[in-house]
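Step one of this worksheet: look at the structure below.
The values are calculated or read from the model by the stated rules, or taken from the named source; none is laboratory data. What you see is a predicted model, and the numbers here were worked out from it, not measured in a lab. Glycine gets a Cβ as well: all are built from the backbone with ideal geometry, and neighbour counts include every protein chain shown. Note: areas computed on protein heavy atoms with side chains; ligands, DNA, RNA excluded. Shrake-Rupley method; radii C 1.70, N 1.55, O 1.52, S 1.80 Å.
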Amino acid sequence: VCLPLPYPFQNQPAHVPAKLIKIVKNSLDEDKAQGTIVIDLNGKSSLTDYVVIASGNSHRHVGAIADHLRLKIKEFGIRNVSVEGQPQCNWVLIDAGDVIIHLFQPEVREFYDIEKMWGVSALSKSGA
């Protein structure tokens, strides 16, 4: 039986995802994440409004970025933050409802190339 996960943004004001994206981007900048891109899926996907993809330079770096993001998202007021992949820290997914963050080690990011799934070109990635 597959049960739906609690949705942190039920009945949210429209500005919440935009504010959360700002918090996420600031946190990633502070933690020196690399290759950060934000993909706007608002109106294109029922899964989420934004996907954020970034890299850390080691498993420790990815883990630290994930820890800081989880805390800042909770401080923002989102209680049901789901984090997957943190013990290994090759690929950590943080699900904050309307914003999903993927944190990778560089070689894992290159292997899975999830940007391609959302139609982000190499030019878009390099300009981020």
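Which members of the range 87-99 meet the condition of being under 16 Å from S27 (Cβ atoms) and assigned to a loop (DSSP other than H, G, I, E, B)? Selection gives A96 alone.
Per the conditions (1) open to solvent by 40 Å² or more (accessible area, probe 1.4 Å); (2) free of Cβ contacts under 8 Å to residues at least 24 places away in the same chain, the sole criterion not satisfied by V108 is (1). In the range 32-42, the qualifying residues are those that are in a loop (DSSP other than H, G, I, E, B) and open to solvent by less than 30 Å² (accessible area, probe 1.4 Å), and the one that is modelled with the highest pLDDT is A33.
If you go through the range 100-121 and keep only what is in a loop (DSSP other than H, G, I, E, B) and within 16 Å of I39 (Cα to Cα), you end up with D113, W118, G119, V120, S121. Somewhere in the range 64-74, is a residue of a type in the set (K, R), on the phi < 0 side of the Ramachandran plot and not in a helix (DSSP H, G or I)? No, the range 64-74 has no match at all.
Any idea which of D40, D49, D113, D67 is without any contact (Cβ under 8 Å) to a residue 60 or more places away in the chain and either within 14 Å of S27 (Cβ to Cβ) or hydrophobic (A, V, I, L, M, F, W, C) (or both)?
Only one candidate passes the filter, namely D67.
Residue selection: L93 fails the criterion of being of a type in the set (A, V, I, L, M), out of contact with any strand residue (DSSP E or B) (no Cβ under 6 Å at 6 or more places or on another chain) and open to solvent by 40 Å² or more (accessible area, probe 1.4 Å).
Every residue, every condition in (1) of a type in the set (D, E); (2) open to solvent by less than 20 Å² (accessible area, probe 1.4 Å); (3) over 19 Å from E110 (Cα atoms), yes or no:
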| site | (1), (2), (3) |
| --- | --- |
| N26 | no, no, yes |
| K44 | no, no, yes |
| V51 | no, yes, no |
| R60 | no, no, no |
| N80 | no, no, yes |
